[in-house]
Amino acid sequence: MKNKIISLALVAGLSACGGGNPFDETDSTDEVTEEEISTIPEEISQSLESFTYNAENETLTVAGVPTDDRTVNGVYTRRPALDLVGYEAYTAQDGSLDRLFTAYVRDIRGTRAVTIVSGGQFGEFIVGNGYSNTTYTAPVAPDSEQDGGLVSYAGNYVGLLNASDGNDGDLLPVAAGTPEEVLSSQAAEVTGRALITGDFQDLSMTGIVFDRVVIDVNNDGEQEAGTTDPLQVPDLLLNLTDIAEDGTFFGPVERGEFNDQAGGSVGTYGGIFGGVGATEVAGIVVVQSHIPTGSGLIENGTFVLSQCGQADEDPLCNQPVE
């Protein structure tokens with residue numbers, strides 16, 4: 001029987017060795033050269049070495065997320081039935097006794113991010129994250145007096161927990177009587193909303209991930225696929241940090257107050273702005289010990305958002321004063 005999320009104590013995802021990882025990308029029309037690729041901090045990328053995502057053809061190729069004895073280098077399988085709140089789902093599992101990897105990816109006009117978490121097997125969860133853009137210019141020059149330097153981005157967020165409370169809808173079948181101890185599982189999914197504020201005159205940013213729920217666990221902590229009472233989990237506060245000249249950022253995350261419990265430092269976030277005038281933003285959140293009812297839980301998640309004022313802006317942007 002699977003553990004309840006309220007009492008889960010689990011092992012962290014494996015980390016990649018060495019420095020930041022280049023992400024080798026191809027978008028739907030133009031090949032991206034290595035010189036245009038961001039360097040991802042190791043705290044964010046973890047085991048991922050590269051990914052190639054083609055939004056038009058719906059293909060995701062991953063390198064560097066290891067299994068026990070080799071690296072998964074290949075095309076993940078598109079899984080539309082697992083899609084969540086505008087993010088495409090992909091999975092990889094070589095055989096019934098191998099780990100199942102779940103990936104969520106989204107692209108807006110060439111700015112994209114991916115988060116990958118394996119289901120638990122042998123007491124470990126394996127993780128990889130990345131982001132990139134194809135173009136970037138800031139809306140205004142730093143320290144300028146131009147209007148338009150303070151902009152907002154809003155939309156949906158998807159995360160994956162190192163908890164075996166996913167819906168198991170994509171696991172390969174196993175023979176009757178196969179011991180439970182050798183089986184893989186499917187990582188639990190989190191959905192939420194995100195709001196990012198970028199100040200391109202001062203080259204700083206901040207934000208929040210809110211309205212967060214674990215979709216296949218109810219508020220009693222029991223696994224329940226399709227529950228109408230999903231487990232509510234704390235907001236994640238993306239603390240103020242700098243925007244670099246190339247549009248990248250990296251900063252600390254705090255947990256919001258939750259059930260009368262104070263927040264505190266729980267992890268990091270990083271990402272990149274993209275588009276002419278920074279019309280999009282893509283990022284990754286890596287946090288742990290952030291859910292009071294879960295022991296040792298680690299979450300890797302992603303947000304890819306359009307700037308308020310764009311044709312595809314989120315409804316949250318529709319405010320009386322903009």
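The values are calculated or read from the model by the stated rules, or taken from the named source; none is laboratory data. This structure is a prediction, so every number in the text was calculated from the model and none was measured. Backbone-built Cβ (ideal geometry, glycine too); neighbour counts: all protein chains shown. What goes into the accessible areas is simple: the full protein's heavy atoms, side chains included, and nothing from ligands, DNA or RNA. Shrake-Rupley method; radii C 1.70, N 1.55, O 1.52, S 1.80 Å.
Details
- Mean separation of Cα pairs under 8 Å and 6 or more residues apart, divided by the residue count, gives segment 121-230 a relative contact order of 27 percent.
- Surface composition of segment 250-322: carbon plus sulfur atoms contribute 49% of the solvent-accessible area (1.4 Å probe, protein chains only, all chains present).
- Inter-site label distance for Arg78 and Glu58 at 7 Å from Cα along Cβ, in nm: 0.4
- Net lengthening on full extension, Val85/Leu150 (0.36 nm per residue, minus Cα-Cα): 20.7 nm
- Sequence ranges 207-219, 170-182, ranked by mean other-Cβ count within 10 angstrom, highest first: 207-219, 170-182
- Sorting 106-116, 91-101 by their mean Cβ neighbour count within 10 Å, with the most densely packed peptide first, gives 106-116, 91-101.
- Judged by the ratio a/c of the largest to the smallest principal axis of the C-alpha gyration tensor, segment 145-219 counts as prolate, that ratio being 1.5 or greater while a/b is larger than b/c.
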